[in-house]
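Read the figures in this text as sums done on the coordinates, not as results from a lab. These numbers come from a predicted model, not from an experiment. Here the Cβ is made from the backbone with ideal geometry for all residues, glycine too, and neighbour counts use every protein chain on show.
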Amino acid sequence: MEYGILSIIIPLLTIVLAILTRDVVVSLVGGIFAGLLVLNHYQPLDAFVATFDGIITLFAEGWIVKTLIFILLVGSIIRLLTIGGAVDSFVLYLSQKSTKVNSPRGAMLLAYIVGVVIFIESSITSLVAGTVSKSLCDKHGVSREKLAYICDSTSAPICSLIPLNAWGALLLGLIITAIDSQIISGDGVELLISSIPYNFYAIFTLVIVLVVILWDWDIGDMRYTTPQIYIPNETNSSIKATPLKMVLPILVMVLSVPIGLYITGDGDIFKGSGSTAVYYAVIVTLIFVYIYFTITKALSHKEYFEGLYSGISDMIPVVVIMIFALLIGKVIGDLGTAKYLSSILSGNISPIFIPLLIFWVSSLMAFSTGTSWGTFSIMMPIGLALGADMDLHIPLIIASVISGGIFGDHASPISDSTIISSMSADCNHISHVRTQLPYALLGGGLASIGFVISGWIFG
């Protein structure tokens with residue numbers, strides 16, 4: 001059955017709800033219910049039942065369950081590293097080593113390197129980079145605004161470029177949903193990896209930050225910022241300075257993923273099951289953390305499991321978003337949104353500009369809602385279906401959604417990553433937003449050019 005303009009109104013309603021309410025779950029549920037209302041001949045009771053039956057149906061898919069458990073257990077790993085003193089020990093270790101840093105450029109490079117190395121979770125990336133480098137930047141006359149910019153610009157971008165984390169799980173889940181719905185074809189892991197070179201905003205942002213650091217390039221309001229007065233930190237003598245408690249668990253998880261892909265792919269990494277690989281990677285990591293932390297007395301048996309359960313609870317909101325994101329993708333597919341959009345755009349806009357259009361719409365949505373994950377959840381199903389129907393390069397479409405989500409989130413004053421970066425650098429939030437915006441717009445402009453050129457190449 002053809003639903004015509006209604007197939008576009010439903011996802012538009014979801015986007016409008018996200019902008020108005022700034023609540024991803026409310027907007028996703030609203031869009032799902034509205035879509036199922038149309039699919040169930042405008043019977044509210046049938047739509048209500050279909051909404052919650054649809055959630056149960058999702059759990060029939062093994063890869064979905066594995067992905068959701070992965071997200072929950074990543075929360076456990078993050079919490080265990082925190083309460084086990086891994087973050088504090090790592091920060092103290094880097095702080096002691098940073099005594100050899102004797103220039104503003106060195107202080108900023110330390111923040112940049114820490115931001116790039118810690119890709120397990122964007123919030124931890126910002127918090128560790130800011131905590132390690134704050135005093136050092138004060139000492140060498142680097143403003144807190146510039147430090148906040150460095151922290152913010154190496155959190156989400158690096159997590160999206162090295163997706164061995166919850167970011168990767170969410171994106172992989174959205175891609176696999178489209179594959180299982182026969183909207184697109186291919187292998188989810190391979191498509192996600194293939195999209196990385198086209199993630200222009202993340203790549204340009206990391207390059208721009210490096211240029212800012214190496215050449216002390218200040219533009220906009222960043223030129224008028226002033227450094228804080230340096231006050232030496234009090235060292236907590238009860239904390240042992242070591243990188244091992246942070247580095248070893250991350251290393252175990254990172255190495256476990258390709259091993260899992262190799263095993264599930266019968267010797268071919270690119271044919272392996274991404275959901276299975278990351279699922280077992282976090283389990284292996286949690287076992288390692290238990291053995292390592294209990295032997296070294298960083299945590300007792302009881303403290304370990306308290307942290308495990310607490311970390312799971314931390315990620316429940318993310319899992320809820322993931323569930324509704326998967327469901328709305330199915331609803332949009334059933335409505336035939338992409339086919340209808342394709343029929344409209346095919347005669348009015350060149351396929352060359354579709355990746356750019358998706359990037360802009362994703363950017364606007366992320367800026368308005370302050371969430372890149374919510375943007376991915378809503379825009380990825382639409383983008384993939386549209387790309388498949390117009391025979392576009394799917395990795396490029398995936399990257400345009402990811403880049404747009406990160407760009408809008410990076411520039412948004414209500415983004416959680418922007419707020420956390422301000423906190424980690426102990427910088428005034430509005431000042432951080434104002435000084436970061438010119439760099440974000442520059443990255444967005446360069447990314448736009450990249451998507452036009454790529455659209456022309458593959459168009």
Item to check | FRET E, pair residue 429, residue 190, Förster distance 45 Å, beta-carbon r, rounded to 0.05 | outcome: 0.65
Checklist entry - For the chain, what number of Lys pairs, 8 or more residues apart or on separate chains, have alpha-carbon atoms under 13 Å from each other? => result 4
Item to check | Where labels lie 7 Å past Cα in the beta-carbon direction, separation of residue 217 and residue 43 in nm | outcome: 6.1
Item to check | Degrees between helix 144-153 axis and first principal axis of the chain (Cα, 0 to 90, nearest 10) | outcome: 40
Checklist entry - What are the ³J(HN,Hα) values, in whole Hz, obtained from phi via the Karplus relation 6.51 cos²θ - 1.76 cosθ + 1.60 with θ = phi - 60°, for each residue of the stretch 380-392 in sequence order, with x given for Gly and Pro? => result 4, x, 5, x, 5, 5, 5, x, 5, 5, 9, 6, 9
Checklist entry - Gap in Å between the Cα centre of the stretch 360-384 and the Cα centre of the stretch 407-431? => result 18
Checklist entry - Taking the Cα atoms only, what angle lies between the long axis of helix 86-97 and the longest principal axis of the chain, rounded to 10 degrees? => result 50
Item to check | Between helix 6-21 and the chain: long-axis angle, C-alpha atoms, 0 to 90°, nearest 10 | outcome: 30
Checklist entry - Order of 144, 223, 105 from fewest to most other C-beta atoms within 10 Å? => result 223, 105, 144
Checklist outcome for this item: Note: residue 334 to residue 105 extended length (0.36 nm per residue) minus current alpha-carbon separation gives 77.1 nm
